[in-house]
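The structure appears right after this line, and notes come after that.
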Amino acid sequence: MSDAQNPPLEPASHPPKIAAKIAGRAFTLLLGTPLYRFLPSDVILLTVRNRETGEDRTLTVEHHDVNGRMAVLTSSRWRSNVRGGARIVVTHKGKRRPAHAELVEDHDEVTRVYQTLLNQYGLDNVDRIGFAIKEHRNPTFEELKALVAGNAVVYLDFEGSGSPEPTAESR
C-alpha cells in the first residue's frame, strides 16, 4: 500500500527534554571554541533576534547542504523570527559569522528539500532528517508531503562571502 495514510517512514523519537537541554548547552559552550572539532560537523549555533522582545536567542541546530546552500529543517516556533528574511549570526567551526536567513514555508518546496536530502543521505540515514524507517522503501512525494506537514526550511547565506558556505566539499 502506497498512500499518505501508510508511509514507509515515521517521525523519529526525540531524546528526553533534559538530555536535549544538556546537549544543547554543551554544544553552545563548545562550538565557539577550538573544541568544535570533537563535535559533529553538521551542528551549528544560530543566534536569532526575537521580533517581539528584541532579545537574542542562541539555538543549537543541525544544518544540511541543499544544492550548495546551508539549510536548517525545523518545525519550531523560532522560525517566525526569520520570516521575510532576517540577519542572524551563525557559529560554525569555531567562528561567529553574520548571515542572512531566508524562511521557506511553501509545502511543496519544503517537501522537495526533504526529498533531495532523503536521496542524498539514503534510507539508512533517514534519522539525519528526523525520521525512522517503518518499511524499507522510499516514500512517494505525497507520503513525504504528509510527513513534513508543518515543517519549514531556513536557508542560511553568509554575508560578504559572495557564495553560500559551507558546502559539503568544504566540511
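The values are calculated or read from the model by the stated rules, or taken from the named source; none is laboratory data. In this text the structure is predicted, and so the values were computed from the model without any measurement. FYI the Cβ positions are ideal-geometry reconstructions off the backbone, even for glycines, and counts take in every protein chain you see.
More than 21 Å from residue 127 (Cβ to Cβ) and either assigned to a helix (DSSP H, G or I) or modelled with pLDDT of 85 or more (or both): does that describe residue 60? Write out each step before concluding.
Values: more than 21 Å from residue 127 (Cβ to Cβ): no; either assigned to a helix (DSSP H, G or I) or modelled with pLDDT of 85 or more (or both): yes.
So residue 60 fails the test.
Considering only residues in segment 98-142 that are charged (D, E, K, R) and modelled with pLDDT of 95 or more, the one that is farthest from residue 77 (Cα to Cα) turns out to be 142.
Any chance segment 17-32 includes a residue that's closer than 27 Å to residue 114 by Cβ, in contact with a Lys or Arg (Cβ under 6 Å, 6 or more places away or on another chain) and of a type outside the set (Phe, Trp, Tyr)? Looking through segment 17-32, none of the residues is closer than 27 Å to residue 114 by Cβ, in contact with a Lys or Arg (Cβ under 6 Å, 6 or more places away or on another chain) and of a type outside the set (Phe, Trp, Tyr).
Looking across segment 22-61 at every residue that is of a type in the set (Asp, Glu) and closer than 18 Å to residue 77 by Cα, the one that is surrounded by the most Cβ atoms within 10 Å (Cβ to Cβ) is identified as 56.
Among the residues of segment 1-59, what is the count of those that are within 21 Å of the chain's Cα centre (by Cα) and hydroxyl-bearing (Ser, Thr, Tyr)? Write out each step before concluding.
Filtering segment 1-59 down to residues within 21 Å of the chain's Cα centre (by Cα) leaves 9-32, 36-51, 56-59.
Filter again for hydroxyl-bearing (Ser, Thr, Tyr), leaving 13, 28, 36, 41, 47, 58.
Total satisfying the criteria: 6.
Can you tell me which residues in segment 8-39 are assigned to a loop (DSSP other than H, G, I, E, B) and touching a Phe, Trp or Tyr at 6+ places or on another chain (Cβ under 9 Å)? Across segment 8-39, the qualifying residues are 12, 39. Taking strands (runs of 3 or more DSSP E) as the structural unit, those lying wholly within segment 69-149 and holding at least 1 residues that are surrounded by 13 or more Cβ atoms within 10 Å (Cβ to Cβ) and of a type in the set (Phe, Trp, Tyr) correspond to 131-133.
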